[in-house]
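Worksheet for the structure shown next.
The values are calculated or read from the model by the stated rules, or taken from the named source; none is laboratory data. Quantities reported herein were computed from a predicted structural model and do not represent experimental measurements. Note that each Cβ is placed from the backbone with ideal geometry, even for glycine, and that neighbours are counted across all protein chains shown. Calculation scope for accessible area: heavy atoms of the full protein, side chains included, ligands and nucleic acids excluded. Shrake-Rupley method; radii C 1.70, N 1.55, O 1.52, S 1.80 Å.
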Amino acid sequence: MTGNLRLIPNNDGTYDLLIHYNRFDSEFAMDFFSKGRQGQCFENTTAFIAHHAKNIKVSAVKIMVAGVIIATLPFASFMGASAAESDTRFSMAYLYGGSVQQQIAYVERTNKALQTVSPSYFDINPDGSLKFNPVSAELVTRMHASDIKVVPFLSNHWDRTAGVNALKDVDKLSTQIANHINQYNLDGVNVDIENVTEQQRAQYSELVRQLRAKIPAHKEVSVATAANPKGWTVGWHGSYDYAALGQYADYLMMMTYDEHYEGGPAGPVASIGFVEESIKYALSKTTADKIVVGLPFFGRIWSTHDTGVIGKGLAISTIQNMIIDYQAIVTYDAATQSPKAEFEVRPGNKPYTVGGKPLAPGKYIIWFENDQSLQAKLKLIEKYNLKGAGAWALGQEDAAIWNNYNSWLNGGASAAAPGAGEIAGWVTSGTTNLNVRSAADLNSVILTQINGGTQLTILGSEINGFYPVRLSNGLLGYVSTYYITTINPTPVNPEPTPITAITSSKLQVRDTATSSGKSTGTLAKGVLVTVLGTSGNFAKISYNNLVGYVTTKDLIMTSPPPAATPPQTQPQTPPPQDLQSQDLQPQDSPSQSSPSQLQQSQPTTKITTEKIQIRETAANSGKSLGTLAKGTIVTVHSTSGNYTQISYNGVIGFVSSGSLQ
């Protein structure tokens, strides 16, 4: 039962909304204020207002049961309380820059994570007059069709003179804005006047009060406020009377970013402490349902070799590309819950423009945001039960965040979040520049790159061929399972048995594992050498006291010297329990095998031709002991039908014979 809705005119030109329940609806009506009832009524009321009363002022909501009015509520209070019953927290983002089609595309890729977008339709001229930017009817129509409100922001773009002049006549300014909202079917206004001072504090609050009085109650009036972790009362921060603004506005969008700013020292754009202290200040002045936490979809760059670049802003999407192109070292600062990238630009590197100028050769540091840091901030919204989150500015973010954003905002976690079942993993030996991505997708942003032997923590099960992982520096991301093993590649014995090989052609021996290394001698074709190790495409070998590097493609691996069979041991860290073997089919598995049935032979070495599972028994149903990457050299001990018993770094088990060569 939803009740009948009707508008009743008042003498002052406003209307009351009457929600009438008949005798059959009475049980529902008496239970109206229970959890969930208001949420259902809120949806019906919002739809009714949008269709029948877009341009009128609703003063109060009256609840009538069987002809008797049992409750009267201010309309704003009713709508606010009802909206609070929703299971989904509020989410908005600013639209600034780009074409209309680009802005629409930015919204569409958010996976329905937004309830409101705020484009730049209202600017303030230096003399304080209002400048109307073109309103896109297409954007408004498309957003409304997707149940997204269009609430343009009013901005002086940090021009103090413009802001001060505009606040001298708030009656005129508020009337012009209200008329424009009604004329173009907009859903309210977000006031973003910055860099005025405590001298404009009262006028600022009066502007918001008048906007609320002149704009229909079902439309939004919100304010972008400076974060104030220290409780400053003068200067820019002093212009915001949180208590008064919270009384008139639907919410305060706290700009909890620019902790470190252009022209200042390097540091996080929004450390977790800065954000949390700003929340605490706001809660001392207004209620939690009025607070929206602003997130930065940008970072800032500083030059460390000179003062040429001091905190210029960069879109996160641009930063991700720079990390790749400049091979940046990315670390995660646990204290501030913020990532940073450090790199050097060298002559001839791909050029980037920062602040309108090409980035000059030299060393740089960028503080920015990633999945991990954004999730940490969004957790504060749940911790303090705040209204929701906002962001500056849509289109600058790593698009992959929208895979998890709604979940983070509403108390969930991403697939890469730490949790139970963490196990150790290693990048397979010989791997170089393995991409660590922001999502389990080949099209997602590359956060950094790692090499063979790197230890990491596998945080969960395989997703689309990727493991969610945490690096030793705390960075979260995804890596291809193809290059990850759960068996420690570090030899169990400090002095491993050398492997022998035969040269397949005449070749140079070099002093380093590079083609430019100094030649230390020449080996003829067919020479037997001892392989001491590998590094990328090179093998370290010894021959008649000559030690150096040769290309691995010029070697044919042979058997190592006979050695005692290593004792059977379990890997130090068990593999993920949900990994499925993809190289063994049920029909390949013998029904049973025992050691006495195996054809014994002298140990030889072979190379895996694909990523494979090591199993406890010679059967597809055998317990998995770990995984081996393609190209791993193993010792072969025996064969049984379609299975081969092998050992690798102290682990003995069975693999499909077809996966070895």
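Here are some notes:
- A178 vs. criteria surrounded by 17 or more Cβ atoms within 10 Å (Cβ to Cβ), part of a helix (DSSP H, G or I) and at pLDDT 95 or above: yes
- Flag if I301 is out of contact with any Leu (no Cβ under 7 Å at 6 or more places or on another chain) and among the β-branched types (V, I, T): no
- Considering the conditions (1) among the acidic types (D, E); (2) under 30 Å from W408 (Cβ atoms); (3) surrounded by 15 or more Cβ atoms within 10 Å (Cβ to Cβ), D159 is excluded by exactly one of them, (2).
- Output for the stretch 198-222, where each listed residue is within 24 Å of G235 (Cβ to Cβ), among the small types (G, A, S) and free of Cβ contacts under 8 Å to residues at least 40 places away in the same chain: A202
- Considering only residues in the stretch 199-248 that are among the polar types (S, T, N, Q) and within 22 Å of V150 (Cα to Cα), the one that is most open to solvent (accessible area, probe 1.4 Å) turns out to be Q210.
- Of all residues in the stretch 626-661, those satisfying the criterion of being over 21 Å from M557 (Cα atoms) and either among the small types (G, A, S) or crowded, with 23+ Cβ neighbours inside 10 Å (or both) are G626, T627, S640, G641, Y643, G653, F654.
- Out of W392, W426, one residue alone is over 13 Å from the mean Cα position of the chain (by Cα), open to solvent by 50 Å² or more (accessible area, probe 1.4 Å) and at pLDDT 90 or above. It is W392.
- Counted residues, the stretch 110-147 - those being part of a helix (DSSP H, G or I) and either of a type in the set (K, R) or crowded, with 18+ Cβ neighbours inside 10 Å (or both): 4
- Considering the stretch 237-333, the qualifying helices (runs of 4 or more DSSP H), each wholly inside and each with 1 or more residues that are more than 22 Å from L114 (Cα to Cα) and among the aromatic types (F, W, Y), run over 242-248, 272-283.
So that you can scan it fast, the table gives a plain yes or no per residue for (1) farther than 20 Å from A266 by Cβ; (2) among the basic types (K, R); (3) open to solvent by 30 Å² or more (accessible area, probe 1.4 Å):
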residue	(1), (2), (3)
I316	no, no, no
Q320	no, no, no
P339	no, no, no
V345	no, no, no
N349	yes, no, yes
I366	no, no, no
E369	no, no, no
Q375	yes, no, no
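- Conditions (1) within 24 Å of A93 (Cβ to Cβ); (2) touching a residue at least 60 places away in the same chain (Cβ under 8 Å); number of the one not met by G311: (2)
- Of the strands (runs of 3 or more DSSP E) lying entirely inside the stretch 430-493, the ones with 2 or more residues being in contact with a helix residue (DSSP H, G or I) (Cβ under 9 Å, 6 or more places away or on another chain), at negative phi and aromatic (F, W, Y) are found at 466-470.
- Number of the exception - I484 against (1) surrounded by fewer than 20 Cβ atoms within 10 Å (Cβ to Cβ); (2) in contact with a Phe, Trp or Tyr (Cβ under 7 Å, 6 or more places away or on another chain); (3) hydrophobic (A, V, I, L, M, F, W, C): (1)
- Residue match in the stretch 198-214 (condition: touching a strand residue (DSSP E or B) at 6+ places or on another chain (Cβ under 6 Å) and of a type in the set (D, E, K, R)): yes
- The one condition from (1) touching a residue at least 60 places away in the same chain (Cβ under 8 Å); (2) touching a helix residue (DSSP H, G or I) at 6+ places or on another chain (Cβ under 8 Å); (3) not charged (D, E, K, R) that W402 does not meet is (2).
- Hits in the stretch 275-297 - residues which are open to solvent by 10 Å² or more (accessible area, probe 1.4 Å) and touching a Phe, Trp or Tyr at 6+ places or on another chain (Cβ under 7 Å): L283, K285, T286, A288, K290
- Of the criteria (1) of a type in the set (V, I, T); (2) over 30 Å from T88 (Cα atoms); (3) open to solvent by 20 Å² or more (accessible area, probe 1.4 Å); (4) more than 17 Å from the chain's Cα centre (by Cα), which one I301 fails: (3)
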